[in-house]
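For reference, the structure discussed in these notes is given below.
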Amino acid sequence: MKLFNYFAAGGFHTSIVTTFGVDFDAYEAIALPRLRDAGCNNNVVVADARMLAQALADEARRPKFAGRRYSVVGAHCAGVFHPKLTLQLGKASGRLLVSSANMTTAGLAGNLEVAGEVTVAEDAMQAAPLLRAAVDYILKFLAPGSVARRQVEWGLKRARWLPATAPAEAVVALEAGGRLAFLARDDTKGIGQRFAEFIGDRSVKRLVVASPYWDHDLRTLRSVQGRFGGANAAVLIQPQAALYPVHAHPSSGAFALFDMSKAPGAASRFAHAKLVIAEAVDGDCVLFGSANCTEAALGTPAKAGVNEEACLARELPAGEAVRLLGLDEVLLSGEGLDISKVPGFKPADDIPLSDLEAKLPGRFELSGDLLRWWPPASLATALVSGEGTVQLLDQLAEPVAGALSRMGSQNNPVSYRFDGNVAPHFAQVRSGAFVSSLAVVVVEQAIHQTQRRAAGRGVESALDLLDDDEASEGLWLLDLIQRLTEAECEMRGPRSLGEKAPQQSAAAVQAQDSRVLPYDEFVAGRRVENGSLASSGSHLASTHHESVRSFLNALIGKRATLDITEVSDEDDLTPNLGLGDETSDGAATTESGDLPPPSPDATTVNLTADAKRQLERRQRYVQDTQRSIVDGVEAFLKGLREQAQGQLLGVVDLLRLRALLVVVLGAGSRKTDLQPKDLNAEVHRRQVLPSGGEASWRQLVGRLLYDFFRDRNGTRAPLIKGLRLESNEVQGIPEDVLECWATCFWAICAMRLDVNDAGASFSVSNSEAALAADLYRFTRLLTQQSLGAVVHDVFAGMNRRYAERLGVSAERIEQVHRTLAEAASVQAAPLLS
């Protein structure tokens with residue numbers, strides 16, 4: 001197997017690579033392009049934290065795409081983080097590569113390594129529990145709520161063939177014969193002991209052991225041999241590497257040494273492979289992967305090793321292991337090495353792990369304008385004293401423009417509001433004379449953009465509608481959201497064997513996969529002690545629904561403020577969301593007549609038969625378009641009410657609510673009667689909802705908000721009570737949720753201030769006043785949130801696009817909103833304290 005070609009296979013959306021040392025050039029130049037070209041865009045790299053810091057210290061080899069096209073995580077453990085796994089998940093298949101190779105150029109294309117591939121396909125699912133065990137092992141090193149963990153959870157939602165949990169012992173029987181086990185470190189037994197249990201009571205006649213590194217006194221090699229009754233041991237070493245402790249070699253001849261360099265293709269390569277073969281009369285058992293023949297890796301019969309390791313154990317027919325591994329030529333000749341001619345032991349250069357540990361900066365993630373920092377324990381004192389400062393850096397490790405404002409007093413994580421326009425690549429901590437090593441800043445927005453890079457045909461055809469330069473508000477948005485929802489469900493793939501198809505909404509399915517909270521509980525944990533708030537990204541961001549959200553924001557001129565521009569890549573060009581109907585005077589342009597002008601002679605009192613037909617067609621157009629929007633609102637509310645019966649509403653339902661409100665507002669007019677009375681009357685293609693009557697925009701906005709927010713004294717709970725949101729342990733309200741609430745706020749304020757075409761105000765009924773109070777009460781935002789930057793930006797955009805055409809004052813809308821927000825905050829204070 002050529003490892004560098006391994007990543008080019010298609011059919012996978014997620015990859016997770018674990019490694020001790022990391023070479024960013026190797027990953028970004030060899031692995032990542034192949035993964036992305038094959039449609040695998042949800043990628044995570046987990047490396048030993050100290051080795052990650054060492055790699056980032058090399059100015060010439062710093063990563064270009066870390067934290068943007070993939071997450072990178074520094075793992076901590078008692079020894080060293082040493083597993084070498086590549087796990088890939090797809091809609092209907094998966095595979096696991098367990099090897100001895102690090103994610104380095106030498107590991108991928110230089111060293112002599114050993115690797116084993118475990119594959120799962122629709123017609124071959126027996127090894128699925130092993131992949132589940134590998135997922136669970138990796139999850140131990142990904143902090144709950146972190147971007148990387150959510151990436152893995154995203155992949156799990158789209159790989160439903162995986163078992164929900166791994167068995168206690170990850171051992172499966174293969175159709176081809178024999179057993180296969182995934183053995184990773186746990187706290188109860190060492191890998192060596194678990195391999196011995198895998199072998200069972202077989203009578204082992206010979207051990208074959210290969211390892212580049214050994215205990216200085218060979219105690220683990222002796223222990224392994226002792227577990228099998230002192231079986232003959234063939235030890236494969238590479239003499240020229242001088243890494244075998246010759247001084248500890250037994251004079252009894254218990255170990256026969258053989259030259260690994262004589263294996264095919266090994267003469268000029270460093271032998272980095274690690275394996276143990278236990279040969280018995282009735283079959284071979286092979287252990288291979290990351291574990292050297294050391295106590296730190298394999299442990300002892302009494303305790304686990306201190307290193308984090310991962311291996312495969314495989315049963316094969318007798319004599320087959322040596323042949324498959326190409327070691328028969330080395331061992332069958334019977335010509336062992338003369339110990340007196342083996343070069344003396346020269347230990348490899350020590351890696352300054354302690355020095356690297358002392359300079360670790362911790363972990364950084366940027367979600368929206370919320371920067372979170374998980375500092376190491378060594379910097380806790382600096383945090384308490386206020387001496388520690390965080391500096392954000394660009395790709396060249398130069399300072400990024402923008403200020404950091406500390407939020408609250410929590411120290412794990414420490415939260416900052418980032419006031420800048422360009423997303424950082426790295427972060428560094430300074431405290432007095434102390435300067436930390438660099439840390440990658442994982443930019444959540446960029447990770448989600450990368451996740452959405454590849455789409456199925458159904459998604460692509462749906463998203464094409466958003467690229468239409470003439471696209472504007474319309475019921476087509478609801479159809480598009482539904483198509484994307486169905487496509488997202490389809491991309492999740494088949495369920496695992498025995499899993500029943502639930503009769504539930506997409507939000508309910510999400511609830512099974514992730515920890516979700518009722519909205520009240522979700523928002524209750526989003527307080528910040530000093531009231532300084534930051535937005536925290538979008539819950540839609542990892543799905544293609546984010547494109548609809550971006551379209552709605554483009555309609556009102558709200559643009560993302562964070563620049564995550566990378567080096568030029570034609571595949572990453574932002575789609576053109578320019579709208580043909582947006583000009584410097586959007587309202588006037590929209591209010592212009594859209595239907596063909598009447599003929600010059602159509603002013604006569606006695607209309608001709610043809611003129612009557614023209615007028616009737618115009619009247620029917622207005623009536624039918626009004627009816628389609630009214631029916632759309634009723635169908636939406638009916639669907640939500642049915643869905644809310646024992647099921648859940650989710651963030652996609654908020655997107656639907658926002659989209660439908662925008663459709664209604666976009667079709668609204670200040671006129672009380674839009675029916676043309678003669679052919680001289682203007683008929684507008686989009687403005688078809690009057691300001692008064694049953695089909696008015698005010699009536700439809702009220703209907704939408706009434707069902708969602710109005711508390712009817714126990715007769716029917718408002719729909720918001722059935723809303724559930726995924727908890728990711730990030731402070732702040734997600735920006736997409738705030739944008740929906742802001743749209744609701746603007747709409748209710750516009751209802752209260754609307755005037756007709758004669759300039760007369762509509763009276764605000766008691767019911768409308770109560771609805772406004774409930775809306776602000778049930779969204780449960782702090783004043784700083786409801787009057788914050790996200791809501792302000794939405795209001796500004798809504799004012800530009802809709803205020804003039806609806807005949808409302810933008811200034812008065814802002815005043816009414818502030819009054820309602822402050823009143824709701826006062827009422828909610830006891831509940832939120």
Tally of residues being closer than 22 Å to Leu356 by Cα, in contact with a Ser or Thr (Cβ under 7 Å, 6 or more places away or on another chain) and part of a helix (DSSP H, G or I) across the range 27-69 | 2
Enumerate the helices (runs of 4 or more DSSP H) found wholly within the range 766-817, keeping only those where 3 or more residues are farther than 23 Å from Ser550 by Cβ and open to solvent by less than 40 Å² (accessible area, probe 1.4 Å).
-> 766-779
Taking the stated definitions as given, is Gly386 modelled with pLDDT under 95 and either closer than 24 Å to Asp736 by Cα or open to solvent by less than 50 Å² (accessible area, probe 1.4 Å) (or both)?
-> no
Provide a single number: the residues in the range 173-193 that are surrounded by 19 or more Cβ atoms within 10 Å (Cβ to Cβ) and either free of Cβ contacts under 8 Å to residues at least 24 places away in the same chain or among the hydrophobic types (A, V, I, L, M, F, W, C) (or both).
-> 6
Condition check for Gln512: in a loop (DSSP other than H, G, I, E, B) and either modelled with pLDDT under 70 or under 21 Å from the mean Cα position of the chain (by Cα) (or both) = no
From Gly253, Gly283, which residue is surrounded by fewer than 23 Cβ atoms within 10 Å (Cβ to Cβ) and over 47 Å from the mean Cα position of the chain (by Cα)?
-> Gly253
Test: residue in the range 549-570 that is under 19 Å from Leu723 (Cβ atoms), within 19 Å of the chain's Cα centre (by Cα) and either modelled with pLDDT under 70 or assigned to a helix (DSSP H, G or I) (or both) | yes
Run down Arg222, Arg179 and say which single residue is within 21 Å of Ala127 (Cα to Cα) and basic (Lys, Arg).
-> Arg179
Can you name the residue in the range 779-811 that is of a type in the set (D, E, K, R) and in contact with a Lys or Arg (Cβ under 8 Å, 6 or more places away or on another chain) and is also nearest to Val755 (Cα to Cα) among such residues?
-> Arg805
Counting just the residues of the range 404-447 that are more than 13 Å from Gln391 (Cα to Cα) and in contact with a Pro (Cβ under 9 Å, 6 or more places away or on another chain), which one comes out most open to solvent (accessible area, probe 1.4 Å)?
-> Asn412
So which residues in the range 104-120 are open to solvent by less than 30 Å² (accessible area, probe 1.4 Å) and under 20 Å from Gly10 (Cα atoms), if there are any at all?
-> Leu108, Gly116, Val118, Val120
Within the range 690-717, restricting attention to residues that are modelled with pLDDT under 90 and either touching a Phe, Trp or Tyr at 6+ places or on another chain (Cβ under 8 Å) or under 30 Å from Pro144 (Cα atoms) (or both), which residue is most open to solvent (accessible area, probe 1.4 Å)?
-> Asp711
Among the listed residues Phe7, Phe65, Phe81, Phe12, which satisfies the condition of being within 17 Å of the chain's Cα centre (by Cα) and farther than 18 Å from Gln395 by Cα?
-> Phe12
Scan the helices (runs of 4 or more DSSP H) fully inside the range 296-372 and keep the ones with 3 or more residues being at pLDDT below 90.
-> 328-331
Of residues in the range 256-280 being farther than 24 Å from Arg219 by Cβ and part of a loop (DSSP other than H, G, I, E, B), the one most open to solvent (accessible area, probe 1.4 Å) | Ser268
Of all strands (runs of 3 or more DSSP E) fully inside the range 96-196, the set with 1 or more residues that are under 30 Å from Ala66 (Cβ atoms) is 115-120, 179-184
Of the candidates Arg227, Arg269, Arg222, the one satisfying the condition of being more than 30 Å from Ala109 (Cα to Cα), of a type outside the set (Phe, Trp, Tyr) and either in contact (Cβ under 8 Å) with a residue 40 or more places away in the chain or touching an Asp or Glu at 6+ places or on another chain (Cβ under 8 Å) (or both) is Arg227
Positions within the range 1-20 being open to solvent by less than 10 Å² (accessible area, probe 1.4 Å) and at pLDDT 95 or above, in sequence order = Thr14, Ser15, Ile16, Val17, Thr18, Thr19
Residues of the range 292-326 being within 20 Å of Arg206 (Cα to Cα), touching a strand residue (DSSP E or B) at 6+ places or on another chain (Cβ under 8 Å) and among the hydrophobic types (A, V, I, L, M, F, W, C), in sequence order, are Cys293, Leu312, Ala313, Leu316, Ala318, Ala321, Val322, Leu324, Leu325
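If only one of Leu156, Leu131 is of a type outside the set (Gly, Ala, Ser), surrounded by fewer than 20 Cβ atoms within 10 Å (Cβ to Cβ) and within 28 Å of Val73 (Cα to Cα), which one is it?
Step by step, each of Leu156, Leu131 is checked, and only Leu156 is of a type outside the set (Gly, Ala, Ser), surrounded by fewer than 20 Cβ atoms within 10 Å (Cβ to Cβ) and within 28 Å of Val73 (Cα to Cα).
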Which one is modelled with the lowest pLDDT, of the residues in the range 644-672 that are open to solvent by 40 Å² or more (accessible area, probe 1.4 Å) and farther than 24 Å from Arg805 by Cβ?
-> Gly646
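Taking strands (runs of 3 or more DSSP E) that fall entirely within the range 392-476, which contain at least 2 residues that are among the acidic types (Asp, Glu)?
The strands (runs of 3 or more DSSP E) meeting that bar number zero.
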Report the residue count in the range 673-689 for those that are modelled with pLDDT of 65 or more and either open to solvent by less than 10 Å² (accessible area, probe 1.4 Å) or within 30 Å of Glu546 (Cβ to Cβ) (or both).
-> 4
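The values are calculated or read from the model by the stated rules, or taken from the named source; none is laboratory data. All values reported here derive from a predicted model rather than from experimental measurement. Note that we place each Cβ from the backbone using ideal geometry, even for glycine, and neighbour counts take in every protein chain shown. Protein only, heavy atoms only, side chains kept; ligands, DNA and RNA dropped before computing areas. Shrake-Rupley method; radii C 1.70, N 1.55, O 1.52, S 1.80 Å.
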